[in-house]
Amino acid sequence: MIRILPDTLVNQIAAGEVVERPAAVVKELVENSLDAGARAIEIEIEQGGAALIRIRDDGRGIAADQLALALTRHATSKIGSFDDLERVATLGFRGEALPSILSVSRLRLLSRPPDAEHAWELGGAGQIDDIAPRPAAHPFGTTIEVRDLFFNTPARRKFLKSEATEFRQVQQAVSRVGLSRFDVGFVLRHNRRVILDLAPAVGDEGRLARLRQICGDEFVSQSTAIDESRLGMRLSGWIGLPSFARNQADLQYVYVNGRLVRDRLLAFALKRAFADVMHSTHHPAYVVYLEVDPASVDVNVHPQKTEVRFRDATRVHDLLFGAVHQVLRRLRPEPERHHQI
Ligand code: ADP
Ligand code: MG
């Protein structure tokens, strides 16, 4: 017999793709805060995220009568048409994260938009417990509290690694997003201890300070800034000098229009650019930002939105390869070059 699955089950199936672990929850929630225009985001984690993930922001909030919609599948304020999808400028657009997270946790959503007299909240365990919001105390902005992740999906819960491992992933997720928005402040706490405190970066100095906090002193002193524009695309960021070769590909950040992506084509272009100056068993380090026309890149490839498809992949490859190769070649005759931004 064929039947239509109940909503909660549908959401739990989607959750399998979108929220495989606490770090993925953190990524989705922080992206929502950024899409809401937040300037300060606090992330509180307990027990690696298995017990608690709480994200508070000072963004534009959600009106009381929209709270239930925010937790409903395929409900989004970010796109409304195929046209919008073709040129997405926000990090989210699928309307999946909140309902997916709710379906596998005990969730509370509290929000106060600037025109509200007070905040309202809504929540539930696995599903919304009551679609009528309750009054709550909360400053302007939004808090989402996620407790007991996977409490109702024991097989998934068992897949969680140690507290330390899960937290490391969370910290990486925050680091990635921290490198994408220097203008926003982030505080990350684990078991009530402050682990990362990224102040909003002012000017080049502030940016370097944040880069140092996330990538370390060594990377900052052994890298060079890059900023090249070609054919309507811009590539900026920092390239690790060949002397900063690593045994692991663990310091490689590529952003496309502010979104961290894992893309074989881009990674390959960078690897090729380093090929002349680095032994093939070593891995280059880089933090690079590619800005392209949103209409020339498709982000709707995978639910986690870390894969992209370029309309003109060869051009993107050539820009990346060409610009980085040139920088590395310029560096070679004089290895002692001052760091500039
Ligand atoms: P998406 O981000 O793809 O739209 P989500 O399920 O992540 O889908 O969120 C659903 C909706 O809830 C968003 O479109 C947005 O309107 C609202 N929302 C979620 N988080 C926040 C937040 N922190 N501040 C303001 N609005 C939010
Ligand atoms: Mg979202």
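A few notes on this one:
Table: residues versus (1) buried (at least 20 other Cβ atoms within 10 Å of the Cβ); (2) aromatic (F, W, Y); (3) within 17 Å of S33 (Cβ to Cβ).
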site: F82; (1), (2), (3): no, yes, no
site: G95; (1), (2), (3): no, no, yes
site: S111; (1), (2), (3): yes, no, yes
site: Q127; (1), (2), (3): no, no, no
site: P139; (1), (2), (3): no, no, yes
site: T143; (1), (2), (3): yes, no, yes
site: L160; (1), (2), (3): no, no, no
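- Filter pass, S105 being farther than 19 Å from G258 by Cα, near ligand 1 (Cβ under 9 Å from one of its atoms), of a type in the set (G, A, S) and assigned by TED's automatic domain parsing to the domain that holds R39: no
- Among the numbered conditions (1) outside any loop (DSSP other than H, G, I, E, B); (2) among the small types (G, A, S); (3) within 9 Å of ligand 1 (Cβ to nearest atom); (4) under 21 Å from V308 (Cα atoms), the only one that G92 does not meet is (1).
- Residues that are modelled with pLDDT of 95 or more, over 26 Å from S100 (Cα atoms), among the aliphatic types (A, V, I, L, M) and exposed (fewer than 15 other Cβ atoms within 10 Å of the Cβ) occur in the range 185-194; there is at least one.
- Test: residue in the range 67-74 that is within 7 Å of ligand 1 (Cβ to nearest atom), crowded, with 18+ Cβ neighbours inside 10 Å and assigned by TED's automatic domain parsing to the domain that holds Q169: yes
- Residue among Q12, Q66, Q47 that is within 16 Å of ligand 2 (Cβ to nearest atom) and of a type in the set (S, T, N, Q): Q66
The values are calculated or read from the model by the stated rules, or taken from the named source; none is laboratory data. None of these values were measured; they are calculated from a predicted model. Heads up, the Cβs are rebuilt from the backbone with ideal geometry, glycines too, and the neighbour counts pull from every protein chain shown.
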